[in-house]
Amino acid sequence: MLVALVDRVTRRLRAGGQAGRTVVLRLRFDDFARASRSRTLVRATAATEPVLFTARRLLTAAGPLIERRGLTLVGITIAGLERASAQLVLPIDRDDSALDGVLDEVRYRFGTAAITRAALLDGGEELSAWLMPGHTRGT
C-alpha cells in the first residue's frame, strides 16, 4: 500500500514540475484519532526511492503505536515544495530520477495500467498508482 501511495504522490510532483523536502506520514487509528510523523530530507526531491525509503522508516517507527491502536488510514504528503531543478547530483547518493522519468513517460503514453512496480503486482487493481483527474504530464 505504501509503495502505491508514494508512487502516486511522487509522480504527481514530477508532473507538476515540483520537488519537496519533507515526507509526512499521516495515520488514523481505530478510535478515529489521528497522528502524523515527518522527516525532512537533505535536499528537495521528486524521486520515488528516497521518499519511499523515508516513508518506510516513518511507518516502521510508528509500528508499536499502530500495533496498540489499530490502523484505518495511512497517507503520504510531501511538504516544503519548490520548483524542481535540473541540478545534477554527484553519484554519492543513488538517484533514480531517470527511472522515474521513463515510468512516467510509459504511463503517459500507454496508460497507468501499462507498467507497474513489482511490489504492487499482488495488490490488485485497487493499489495501482493513479493521477487525479486533470493531472497530466507537464500540467
Count of the stretch 37-58 residues which are surrounded by fewer than 16 Cβ atoms within 10 Å (Cβ to Cβ) and of a type in the set (A, V, I, L, M): 1
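Do we find a residue being assigned to a strand (DSSP E or B), more than 10 Å from the chain's Cα centre (by Cα), among the charged types (D, E, K, R) and within 27 Å of Asp122 (Cβ to Cβ) anywhere in the stretch 33-45? Full working, then the answer.
At the first step, the residues of the stretch 33-45 found to be assigned to a strand (DSSP E or B) are 34-45.
If we keep only those that are more than 10 Å from the chain's Cα centre (by Cα) too, we end up with 34-45.
Remaining after also requiring among the charged types (D, E, K, R): 34, 37, 39, 43.
Filter once more, keeping what is within 27 Å of Asp122 (Cβ to Cβ): 37.
Among the residues of the stretch 33-45, at least one is assigned to a strand (DSSP E or B), more than 10 Å from the chain's Cα centre (by Cα), among the charged types (D, E, K, R) and within 27 Å of Asp122 (Cβ to Cβ), which makes the answer yes.
Please determine whether any residue of the stretch 66-89 is acidic (Asp, Glu), touching a residue at least 24 places away in the same chain (Cβ under 8 Å) and more than 26 Å from Glu105 (Cα to Cα).
At the first step, the residues of the stretch 66-89 found to be acidic (Asp, Glu) are 67, 82.
Next, from what is left, pick out any that are touching a residue at least 24 places away in the same chain (Cβ under 8 Å): 82.
After this cut, where a residue has to be more than 26 Å from Glu105 (Cα to Cα) as well, the list is none.
Scanning the stretch 66-89, I find no residue that is acidic (Asp, Glu), touching a residue at least 24 places away in the same chain (Cβ under 8 Å) and more than 26 Å from Glu105 (Cα to Cα), so the answer is no.
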Got a sec? Which of Ala15, Ala61 is loosely packed, with under 14 Cβ neighbours inside 10 Å and either modelled with pLDDT under 95 or of a type in the set (A, V, I, L, M) (or both)? Ala61
Test: residue in the stretch 54-62 that is closer than 18 Å to Leu120 by Cα and assigned to a strand (DSSP E or B): no
Quickly run through the stretch 64-87 and pick out the residues that are surrounded by 13 or more Cβ atoms within 10 Å (Cβ to Cβ) and part of a helix (DSSP H, G or I). Leu65, Ile66, Arg69
Mind counting the residues in the stretch 43-70 that are more than 20 Å from Ala98 (Cα to Cα), hydrophobic (A, V, I, L, M, F, W, C) and touching a helix residue (DSSP H, G or I) at 6+ places or on another chain (Cβ under 9 Å)? 3
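The values are calculated or read from the model by the stated rules, or taken from the named source; none is laboratory data. In this text, all values refer to a predicted model and were calculated from it rather than measured experimentally. Glycine gets a Cβ as well: all are built from the backbone with ideal geometry, and neighbour counts include every protein chain shown.
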